[in-house]
Ligand SMILES: [Zn+2]
């Protein structure tokens, strides 16, 4: 990291979802988002067994990550999951642009630049 007496904070590269979501939950969110993009839909039905295979996690981890994503606004429950056949929950995926509308930019990563305009953090 270079030092400079005149640091400015610019917009820099856009802050992204992974700046806000812990890795264990991000792998699930990223998979859901990728599937949604490929299916041109914002809604995703989460079958825990499938998630275990794709995200390489245990059911408990998938459950924990799902709860974190819902609690922190990265997934919105569209149909709540329940036990048994047909019990898979459906969620709407929330991306960065929508998330900051609700939560603000305060927690977004800002990048610092030196006098030459070079990014230093
Ligand atoms: Zn951000």
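The values are calculated or read from the model by the stated rules, or taken from the named source; none is laboratory data. Quick caveat: nothing in here was measured; it's all calculated off a predicted structure. Glycine gets a Cβ as well: all are built from the backbone with ideal geometry, and neighbour counts include every protein chain shown.
Selection within the stretch 32-57: residues that are in contact with a helix residue (DSSP H, G or I) (Cβ under 8 Å, 6 or more places away or on another chain) and more than 24 Å from residue 84 (Cβ to Cβ). The member of this set that is modelled with the lowest pLDDT is 56. Residue 66 passes every criterion in (1) closer than 23 Å to residue 15 by Cα; (2) out of contact with any helix residue (DSSP H, G or I) (no Cβ under 8 Å at 6 or more places or on another chain) apart from (2). Name the residue, out of 119, 67, 101, that is modelled with pLDDT of 90 or more, over 14 Å from residue 17 (Cα atoms) and loosely packed, with under 15 Cβ neighbours inside 10 Å. From the options 119, 67, 101, the qualifying one is 67. Can you list residue pairs whose Cβ atoms sit under 8 Å apart, with the first residue in the stretch 91-103 being within 11 Å of residue 44 (Cβ to Cβ) and the second being within 9 Å of the ligand (Cβ to nearest atom) and assigned to a strand (DSSP E or B)? Count only pairs 6 or more apart in sequence or on different chains. Partner pairs satisfying both residue conditions: none exist.
Pairs linking a residue in the stretch 14-40 that is farther than 16 Å from residue 71 by Cβ and free of Cβ contacts under 8 Å to residues at least 24 places away in the same chain to a residue that is away from the ligand (no atom under 16 Å from the Cβ) and part of a helix (DSSP H, G or I), with Cβ atoms under 9 Å and 6 or more positions apart or on different chains, are 30/55; 35/54.
Within the stretch 86-98, if we keep just the residues that are outside any loop (DSSP other than H, G, I, E, B) and under 16 Å from residue 19 (Cβ atoms), the residue that is nearest to the ligand (Cβ to nearest atom) turns out to be 96.
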